[in-house]
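Each remark here refers to the structure printed beneath this line.
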Amino acid sequence: MTAQSTLDTLGTMLLSGGVRVVDLAGPLGPETPLLKLPEGFGDNTPPIEVHKISEYDEHGPYWAWNWLKIGEHSGTHFDAPHHWISGKDYADGYTDTIDPQNFVGPVNVIDCSKESEADPDFLLEVDHIKAWEAEHGEIGAGEWVVMRTDWYKRNGSEADFLNNDADGQPHSPGPSVAAVEYLIGKKIKGWGSECIGTDWGQAATLEPAFPAHTMLHANNMYGLASLAQLDQLPAKGAVLIAAPLKLVQGTGSPIRALALVAG
Ligand code: 23J
Ligand code: MN
C-alpha cells in the first residue's frame, strides 16, 4: 500500500465514519482546573479570563469576538522541552521550533483506571508497563504513551481534580522515576496524563523531583497534561494528534488533542 493510497483511504474513512475523531481535550474556560504549585515554589499560572470585545453590538455590529488571558500550561496542554531547566538548551524545544512531524503518532494507552480509583496515589511502575506490553505489544520508538486513569471525570471541579489533602498536598496518579526512565529507553515521543500535570501528585517528594518533567524534557521529549476521554481509546492502534499553538519561544500551549480511532 502506498502512502497516497493510505491517505486516500483515510480521507474516505473519515467521511464515512469508519475512522472516528475522538476529542481528548477537556473544556477550556474560567472553570478549568489549574495547577497550584507547592508553597515556596514560585508564581502560579493566573486564572483564565475571557473578555468580550463585541457580540453584534455597539462594539462591533456584525461580529462577535473575545480576547483571552491564559497561561501556556492551562487545561489540556502540551509541555515543550524548554518548559523545564533540564530541556532548556534544545533549539527545537519550543512550541514554534518543534518539527510538526512529532505532533502526530501512534498512541499506547495504559489503562490504570481501576488502580487509580482504588488509590489516588497510584504510582505506575515498570512492571505494570511490562505486563501491559506482554498483553498488547511493545511500545515503539516515536510513539506516544498515555496513562488512562479516568481522572478527567473530575475536571468539572478543581478541588476533585487537584485532590489536595488537609495539608494542601495533591494526590493524583502518575509515573515512578523508574517508569519514566523505562519509557525514555523506549525512545517514545512523549508521555501524557489525564491529571493536572504529567507527574504524579506527590512528585515533589521523588528523586529527582518531578521525574516526568525533569527526565522527559532532558531527552527532548514532550508532555501532555489534563488529557480527557482516554477511555474512548483502544490500548493500541489509535493515532494521536497533539499540536501546540505556534507560540514564538513558547514553553507549552493549550491543545485540542485528538485521536483517530477505527470503527
Ligand atoms: C510549572 C512548575 C511545576 C509543574 C508544572 C508547571 C506543570 O505541571 C506543567 O503544567 O507543566 S509540575
Ligand atoms: Mn505543563
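The values are calculated or read from the model by the stated rules, or taken from the named source; none is laboratory data. All of these numbers come straight from a predicted model, not from anything done at the bench. Backbone-built Cβ (ideal geometry, glycine too); neighbour counts: all protein chains shown. Note: areas computed on protein heavy atoms with side chains; ligands, DNA, RNA excluded. Shrake-Rupley method; radii C 1.70, N 1.55, O 1.52, S 1.80 Å.
Whole angstrom only: what separates the Cα centroid of the stretch 237-263 from the Cα centroid of the stretch 81-139?
If you average the Cα positions of each part, the centres end up 14 Å apart.
May I ask you to rank TYR56, TYR62 by accessible area, largest first, using a 1.4 Å probe over the protein chains only?
Order by accessible area, largest first: TYR62, TYR56.
For the chain, what is the charge dipole size about the Cα centre, in debye to the nearest 20, if Lys and Arg each add +1 at the Cβ and Asp and Glu each add -1 at the Cβ?
740
Would you please classify the overall shape of the stretch 150-196 from the alpha carbon gyration tensor, given that a ≥ b ≥ c denote the square roots of the eigenvalues, rounded means a/c under 1.5, and beyond that prolate means a/b larger than b/c while oblate covers the rest?
Because a/c hits 1.5 or more and a/b fails to exceed b/c, the stretch 150-196 counts as oblate.
Do you know the relative contact order of the chain, to the nearest whole percent, from alpha carbon pairs under 8 angstrom that are 6+ apart?
Relative contact order of the chain: 30 percent.
Check which residues have an amide H placed less than 5 Å from LEU24's amide H, if you skip close sequence neighbours.
ALA257, LEU258, ALA259
So, taking all protein chains as they sit and a 1.4 Å probe, how much accessible area belongs to GLU49, in Å² rounded to tens?
Approximately 60 Å² of GLU49 is accessible to the 1.4 Å probe.
Treat the stretch 108-175 as a sphere of radius equal to its Kirkwood radius over Cα pairs and apply Stokes-Einstein at 25 °C in a medium of 0.890 mPa s; give the translational diffusion coefficient in µm²/s, rounded to a whole number. Kindly include the intermediate steps, with their values, before the conclusion.
Details: Rh = 13.2 Å.
The estimated diffusion coefficient comes to 186 µm²/s.
Quick one: 3J(HN,Hα) in Hz for the stretch 97-114, Karplus 6.51/-1.76/1.60 with θ = phi - 60°, rounded, Gly and Pro as x.
Once rounded to whole Hz, the list reads 10, 5, 4, x, 4, 7, 7, 10, x, x, 10, 9, 10, 8, 7, 10, 5, 5.
Aspartates and glutamates near LYS52 by alpha-carbon distance under 20 Å, same-chain residues fewer than 8 away left out - which ones?
Partners found: GLU31.
In square angstrom, rounded to the nearest 10, how much accessible surface does LYS236 have for a 1.4 Å probe?
70
When only the heavy atoms of the protein chains count and the probe is 1.4 Å, how do ASP127, ASP199, ASP111, ASP231 rank by accessible area, highest first?
Values: ASP127 120, ASP199 15, ASP111 65, ASP231 45 Å².
Largest to smallest exposure gives the sequence ASP127, ASP111, ASP231, ASP199.
Taking a ≥ b ≥ c as the square roots of the Cα gyration tensor eigenvalues, with a/c under 1.5 meaning rounded and otherwise prolate when a/b beats b/c, else oblate, which class fits the stretch 1-62?
oblate
With a 1.4 Å probe and all protein chains left in place, how much accessible area per residue does the chain have, in Å²?
50
List the residues, sorted by chain then number, that are 5 or more residues from LEU124 or on another chain and whose placed amide H is less than 5 Å from its amide H.
Counting only residues 5 or more places away or on other chains, the set is GLY174, SER176.
Enumerate the amide H contacts of ASN108 below 5 Å, restricted to partners 5 or more residues apart or on another chain; note that Pro and chain-start residues carry no placed amide H.
Under 5 Å from the amide H of ASN108: TRP144, VAL145, VAL146.
Going by average Cβ density within 10 Å per residue, which order do the peptides 9-20, 213-224 take, highest to lowest? Intermediate values should be presented prior to the final figure.
Values: 9-20: 12.2, 213-224: 22.4.
Highest-to-lowest ranking by the protection proxy: 213-224, 9-20.
Hey, which of these cross-link pairs are over 30 Å Cα-Cα: LYS114/LYS236; LYS88/LYS114; LYS114/LYS187?
As for pairs spanning more than 30 Å Cα to Cα, those are LYS88/LYS114.
Sum -39500 (n - 2.57) across every DSSP H segment of at least 4 residues in the chain, then divide by the residue count to get the 222 nm mean residue ellipticity, nearest 500.
Details: 5 runs with 45 residues, N = 263.
Using -39500 (n - 2.57) per qualifying helix, the result is -5000 deg cm²/dmol.
Pop out the ³J(HN,Hα) list for the stretch 239-246 in order, Karplus 6.51 cos²θ - 1.76 cosθ + 1.60 with θ = phi - 60°, rounded to Hz; leave Gly and Pro as x.
10, 9, 10, 9, 10, x, 4, 7
From the backbone phi of the stretch 258-263, what are the Karplus-calculated ³J(HN,Hα) couplings (6.51 cos²θ - 1.76 cosθ + 1.60, θ = phi - 60°) in whole Hz, Gly and Pro given as x?
Going residue by residue, I get 10, 10, 9, 10, 6, x Hz, with x marking Gly and Pro.
Assuming a ≥ b ≥ c are the square roots of the Cα gyration tensor eigenvalues, decide whether the stretch 153-241 counts as rounded (a/c under 1.5), prolate (otherwise, with a/b larger than b/c) or oblate.
oblate
Return a whole-number percent for the relative contact order of the stretch 1-140, with Cα pairs under 8 Å and 6 or more residues apart as the contact set.
It rounds to 13 percent for the stretch 1-140.
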